Every structure is written in C-alpha cells, then in structure tokens.
C-alpha cells in the first residue's frame with residue numbers, strides 16, 4: 001500500500017513538472033517569435049516574416065495541449081493549495097502566451113508589407129523595445145519554473161521602460177506622417193508593430209502577476225506602474 005501511495009505521489013509530481021515544462025516551452029517559442037518578427041522588420045526580410053506567421057500554429061497547438069492536460073489534472077488529481085494555484089495559473093499563462101504569439105504574428109504580417117515600402121527611420125527603438133519585451137518574458141517564465149515570486153515581482157515592476165520606448169516611437173511616427181504624406185502608409189504599419197510589442201510587454205507582466213499569485217497565494221498589493229501616454233498625445237503640425 002505504501003509503495004502504491006509513493007508511486008502515486010511520484011507520478012503526480014512528474015505531471016506537475018511536465019506542466020511547467022509545457023508552459024516553459026510555449027514561452028520559449030513566443031520569445032523566438034518576437035525576436036524573429038523584429039529581425040524581419042529591421043532586415044526587411046519578408047521570407048523570415050512569413051516563417052514567423054506560419055510558426056504561430058505551433059503555439060496555438062501547445063495552448064490546446066496545456067488546456068487539455070490541466071483539465072485532466074483537475075479531474076483526476078483534484079489538486080489543492082499551491083498545486084491548484086499552479087494549474088489555474090498554467091491555464092491563464094498559456095492563454096497569455098498564445099496572445100503574445102498572435103501579436104508577434106501580426107507584427108510579422110506588417111513586416112511583409114513594410115519590406116515593400118521605402119525605409120523609414122532607423123528602427124533602433126523597435127530593436128530596444130523587442131529586447132526589453134523578451135527580457136521580461138524570459139524573466140516571467142523563469143519565475144514560473146523556479147517558483148520565484150521575487151523574480152516575478154521584478155518583471156511586474158519593469159514594464160514602464162517599454163512604455164517609454166513606445167511613446168518615443170509613437171511621437172516619431174506622427175512626425176514622419178506630418179512631414180510628408182507619402183510616409184503615412186509605412187508609419188501607420190510601424191505604429192501597429194510598436195503597439196503589438198507594447199501589448200506583448202503587458203502580457204509578460206500579467207504572466208508575472210499570475211506567477212506571484214501562484215507562489216504566494218495573494219494578489220499584488222498595488223496597481224502596476226504604466227508609462228504609456230500615447231492616448232493623451234496632442235498632435236501639432238510642424239511650424
């Protein structure tokens with residue numbers, strides 16, 4: 001009887017480990033999608049952008065696999081306490097990663113169009129934004145795998161630099177549009193890419209917030225700091 005119980009405990013622990021690995025794999029795929037989408041943008045590489053679009057299906061399939069696995073765990077293992085929070089968090093995080101994949105795919109679609117447009121600006125802001133987003137996403141995934149609430153808190157509080165870069169890109173694109181109407185098409189697509197990256201950053205911090213709850217069993221005590229001021233921008237034509 002004791003051996004049977006020991007085997008059951010080991011099997012359950014293995015299932016929870018597998019769940020973490022599935023989420024971590026999803027996160028890794030999403031990181032790659034973000035990196036490649038921005039690389040395609042900067043290099044004007046429509047072929048790479050098309051690859052990113054096609055790879056999104058793999059993340060979608062993994063989300064369905066995670067959902068099915070979580071339902072099975074809930075039904076057969078009836079987890080409680082931190083284990084239950086982990087399973088619920090995995091469901092929420094897998095959905096957030098799926099949305100991140102969608103935003104990366106959307107950015108790649110814009111990159112295909114932009115590769116056919118005249119170059120506009122240096123795109124340094126997009127590279128910096130992508131790097132910050134990837135760092136936060138990786139940090140959130142590491143926090144989940146290691147049950148590290150302190151690391152999750154760091155990611156949660158680190159969204160503002162992404163918003164600041166986004167605000168700078170927003171103002172730059174508006175300036176390009178006002179200076180020459182021929183810039184409007186490219187600038188509009190670039191604005192959508194920047195917004196996709198900003199939303200990916202938001203999802204990374206949402207994941208971190210979910211990890212904090214899964215580990216500590218309590219919600220964050222305050223609102224997340226935000227720096228996106230684009231909604232209040234005032235557009236003035238150049239003098």
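Values in this text are rule-based calculations from the coordinates and carry no lab data. All values reported here derive from a predicted model rather than from experimental measurement. Note that each Cβ is placed from the backbone with ideal geometry, even for glycine, and that neighbours are counted across all protein chains shown.
Order of 66-72, 47-53 by packing, highest average Cβ count within 10 Å first? Intermediate results must be reported in sequence, preceding the final value.
Working: 66-72: 15.7, 47-53: 18.7.
Put in order of decreasing packing, that is 47-53, 66-72.
Compare the peptides 188-199, 10-21, 108-119 by average per-residue count of other Cβ atoms within 10 angstrom and give them in order, highest first. Please list the in-between numbers first.
Working: 188-199: 21.5, 10-21: 13.3, 108-119: 18.1.
The most tightly packed comes first, giving 188-199, 108-119, 10-21.
Which distance in Å, rounded to a whole number, links the C-alpha centroids of segment 57-88 and segment 123-144?
With segment 57-88 and segment 123-144 each reduced to a Cα centre, they are spaced 26 Å.
Mean separation of Cα pairs under 8 Å and 6+ residues apart, divided by the residue count of segment 2-232: what relative contact order is that in percent?
Values: 308 pairs, mean separation 58.5, N = 231.
Value for segment 2-232: 25 percent.
Give the angle, between 0 and 90 degrees and rounded to the nearest 10, that separates the Cα long axis of helix 160-179 from the longest principal axis of the Cα atoms of the chain.
30
Given Cα positions, please report Rg to Rh for segment 2-232, the hydrodynamic radius being the Kirkwood one.
Numbers: Rg = 19.8 Å, Rh = 18.7 Å.
On the Cα set of segment 2-232, Rg over Rh gives 1.06.
How tilted is helix 124-145 with respect to the longest principal axis of the chain? Cα atoms for both, answer in degrees (0 to 90, nearest 10).
10
Once you order the gyration tensor axes a ≥ b ≥ c over the Cα atoms, which shape class does segment 59-120 get: rounded for a/c under 1.5, otherwise prolate or oblate by comparing a/b with b/c? Could the numbers behind the result be given before it?
On the way: a/c = 9.14, a/b = 3.60, b/c = 2.54.
Prolate shape, in that a/c is at least 1.5 and a/b is the bigger ratio.
If one takes the longest principal axis of the Cα atoms in the chain, at what angle in degrees, from 0 to 90 and to the nearest 10, does the Cα axis of helix 184-216 lie?
Between the helix axis and the principal axis of the chain, the angle is about 20 degrees.
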